[in-house]
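Encoded as structure tokens, the structure appears first; notes follow it.
Only the coordinates and a few stated rules stand behind these numbers; no lab work does. Note that the structure is a prediction, hence the values are computed from the model and not measured. All Cβ positions, glycine included, derive from the backbone under ideal geometry; neighbour counts span all protein chains shown.
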Amino acid sequence: MTHLMDTYQRLPVAFTHGQGCRLFDEDGKSYLDGMAGVAVNTLGHNHPRLVKAITEQIGRLIHASNLYRIREAEDAADRLAAIARMDEVFFCNSGCEANEAAIKLARLYGHSRGVEQPMIIVMERAFHGRTLATLSATGNRKVQAGFEPLVSGFVRVPFDDLAAIEQVAARNPDIVAVFFEPIQGEGGINIAHNEFMRSLRQICDREHWLFMVDEVQCGLGRTGTWFAHQHAGILPDVMTLAKGLGSGVPIGACLATGLAAGVFKPGNHGSTFGGNPLACIAALTTLETIESDALMARATHLGRAIREGLQVGLSDLAGVIEIRGDGLMIGVELDRPCGALVTQGLAAGLLINVTADKVVRLLPPLVMTDAEGAELVAGLVPLIRNFLEG
Ligand SMILES: *Cc1c(COP(=O)(O)O)cnc(C)c1O
């Protein structure tokens, strides 16, 4: 029995420590980590550079508050602004908080333009978080059910569908922003076309809408570029980050540029813990290590190898609908619900995940080696084969 509130259906395993891409449970059994704590442990486990940086920071200063300047936050913001080519950064502690900031920013922007009931376009199968506004923006009834009344002010369109957005533009003068994931994670590894993003950027420019991307899962090197929208060669007005930003230390960020810069003024938004020195040092070290250790190239290279390995091992099976992804964000869509694979993976010493009922999802740490990637494929292929043929 546990006194933890019953919000998660947890697997029957607890980890005591990790090293690189391995986790170890209470019995000393070792697992290959294909999930990175849901795209969080960018640098794997017990990364010496991260451990040293945050340990030293803990000894200096953990928290002083946003009543004062925070040099570590200023440094992390400078670095993020430079790699994103955006102007401003608001730090918070999680993905849903970053998205709350984006939603509030869009509304404030709308009001500044005289729109009294500003509306934001969001997409089907989107996942934006579990707070009231972000679950309302989420395109999954299971996340919303029971929490009505939902927050209003969202218009939903199919994912990756420009015509649907043009229709909304034509009949709704209160739209002020579009908000979507360049690659939907929880929704099943659904990839927006680059052409869609480029055309959407043009619509946003034409309509003076904010182009807002939720890169909480797909951002920070995972798809081989710093951010997934960069594959399309466009610049968003607002971008949210969290998961991989601190390699396990909680931190989120909402970035703004263009029309979205300068919208928040003192008193409009805040967070007690946001931008604390400890979390910002974790973020800075993560960003520096992604760069110094060429982890984006690693994600591109290893992601391709894993997808090719899965293709070779599984493509003859009729039950495999599609193997897709970008970099180290990989989905294998099957023709049937496959949640049982997670438990079977656990027994085989593999940490994998299933999302959207039928999609086996891999989100390994960016430090995964070629040998570990091959091990992941070699473990997963027979699991999926037996599951479909068994
Ligand atoms: C996980 C996730 C969130 C929510 O992040 P939390 O830190 O759990 O609040 C939001 N958007 C996307 C795309 C995510 O994957």
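Quick notes on this structure:
- Each residue in the range 12-65 was checked for being part of a loop (DSSP other than H, G, I, E, B), among the aliphatic types (A, V, I, L, M) and without any contact (Cβ under 8 Å) to a residue 24 or more places away in the chain, and 1 of them qualify.
- The range 307-390 holds strands (runs of 3 or more DSSP E) entirely within its bounds, and those carrying 1 or more residues that are surrounded by fewer than 13 Cβ atoms within 10 Å (Cβ to Cβ) map to 320-326.
- The residues in the range 343-365 that are closer than 18 Å to ALA378 by Cβ and hydrophobic (A, V, I, L, M, F, W, C) can be counted, and the count is 8.
- Under the condition of being within 23 Å of LYS104 (Cα to Cα) and of a type in the set (S, T, N, Q), the residues counted in the range 212-239 number 1.
- The criterion of being more than 11 Å from the ligand (Cβ to nearest atom) and either of a type in the set (Ser, Thr, Tyr) or in contact with a helix residue (DSSP H, G or I) (Cβ under 8 Å, 6 or more places away or on another chain) (or both) holds for VAL238.
- Residue match in the range 206-227 (condition: among the aliphatic types (A, V, I, L, M), within 15 Å of the ligand (Cβ to nearest atom) and more than 30 Å from THR55 (Cβ to Cβ)): yes
- Enumeration of residues in the range 262-289 that are surrounded by fewer than 14 Cβ atoms within 10 Å (Cβ to Cβ) and of a type in the set (Val, Ile, Thr): THR272
- Restricting attention to the range 118-155 and to residues that are within 16 Å of the ligand (Cβ to nearest atom) and among the basic types (Lys, Arg), the residue that is farthest from the chain's Cα centre (by Cα) turns out to be LYS142.
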